[in-house]
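What follows is a set of notes on a single structure, which appears directly below.
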Amino acid sequence: VQLQASGGGLVQAGDSLRLSCATSGGTFSSYAMGWFRQAPGKEREFVAAINWNGANTDYGEPVQGRFTISRDNAKKTVYLQMNSLSADDTAVYYCAAVATYSDYDLGQYEYEYWGRGTLVTVSS
């Protein structure tokens with residue numbers, strides 16, 4: 001499975017941004033999809049995940065209530081809508097996939113496939 005994230009950029013605090021992750025190869029609907037981020041000098045952090053059919057989602061505590069993950073299986077794409085952005089959200093955002101039909105603890109899985117990442121910079 002190949003993943004290509006896009007949609008990053010420079011925004012101001014309080015703005016919104018939507019990331020996309022287009023996939024190719026594999027059977028998209030058999031994968032749970034996740035978003036992770038890595039800020040400069042910090043470890044990679046779980047952001048959000050969605051199960052194979054979009055019915056269940058999981059979020060990291062820092063983004064709860066501000067970010068929304070969704071997917072379109074027909075387009076083989078997963079999205080991350082980010083609202084009320086702050087400087088703390090500045091990071092490279094990566095999308096990832098794992099072959100599972102599980103509905104729970106999606107942030108705890110060992111994701112198998114990773115995209116290259118897209119940079120989000122939030123100015124304060």
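Residues in segment 26-59 that are open to solvent by 40 Å² or more (accessible area, probe 1.4 Å) and within 20 Å of A74 (Cβ to Cβ) were compared, and the one that is modelled with the lowest pLDDT is G26.
Screening G65 with (1) closer than 20 Å to S20 by Cβ; (2) within 15 Å of the chain's Cα centre (by Cα) gives one miss only, at (1). Evaluating E43 against the criteria (1) assigned to a strand (DSSP E or B); (2) more than 16 Å from V122 (Cβ to Cβ); (3) of a type in the set (D, E, K, R) leaves one unmet condition, (1). Quickly run through segment 1-27 and pick out the residues that are of a type in the set (A, V, I, L, M, F, W, C) and in contact (Cβ under 8 Å) with a residue 60 or more places away in the chain. Selection gives V1, L3, A5, L10, V11, A13, L17, L19, C21. Scanning segment 60-100 for residues being outside any strand (DSSP E or B), over 30 Å from S124 (Cβ atoms) and open to solvent by 50 Å² or more (accessible area, probe 1.4 Å) gives a total of 4. Just checking, does segment 64-79 include any residue being of a type outside the set (S, T, N, Q) and in contact (Cβ under 8 Å) with a residue 60 or more places away in the chain? The answer is yes; a qualifying residue exists. Restricting the search to segment 1-25, which residues are surrounded by 13 or more Cβ atoms within 10 Å (Cβ to Cβ) and either at pLDDT below 95 or among the aromatic types (F, W, Y) (or both)? The one that is surrounded by 13 or more Cβ atoms within 10 Å (Cβ to Cβ) and either at pLDDT below 95 or among the aromatic types (F, W, Y) (or both): V1. All told, L119 meets the bar of being in contact with a Phe, Trp or Tyr (Cβ under 8 Å, 6 or more places away or on another chain), open to solvent by 20 Å² or more (accessible area, probe 1.4 Å) and of a type outside the set (D, E). Looking at (1) more than 11 Å from the chain's Cα centre (by Cα); (2) charged (D, E, K, R); (3) under 11 Å from W35 (Cβ atoms), which one does D58 not meet, given that it meets all the others? Of the numbered conditions (1) more than 11 Å from the chain's Cα centre (by Cα); (2) charged (D, E, K, R); (3) under 11 Å from W35 (Cβ atoms), the odd one out for D58 is (1). Conditions: (1) in contact with a strand residue (DSSP E or B) (Cβ under 8 Å, 6 or more places away or on another chain); (2) modelled with pLDDT under 95; (3) open to solvent by 30 Å² or more (accessible area, probe 1.4 Å). Q108 meets all but one. Number of the miss? Checking Q108 against (1) in contact with a strand residue (DSSP E or B) (Cβ under 8 Å, 6 or more places away or on another chain); (2) modelled with pLDDT under 95; (3) open to solvent by 30 Å² or more (accessible area, probe 1.4 Å), the one that fails is (1).
Residue check: is A97 closer than 15 Å to Q4 by Cβ and in contact (Cβ under 8 Å) with a residue 40 or more places away in the chain?
Yes; evaluated as a whole, the condition is true for this residue.
The values are calculated or read from the model by the stated rules, or taken from the named source; none is laboratory data. Keep in mind the model is a prediction, meaning the values are calculated, not measured. Quick reminder, even Gly has a Cβ in these numbers, built from the backbone with ideal geometry, and neighbours come from all protein chains shown. With ligands, DNA and RNA removed, areas are computed over all heavy atoms of the protein, side chains included. Shrake-Rupley method; radii C 1.70, N 1.55, O 1.52, S 1.80 Å.
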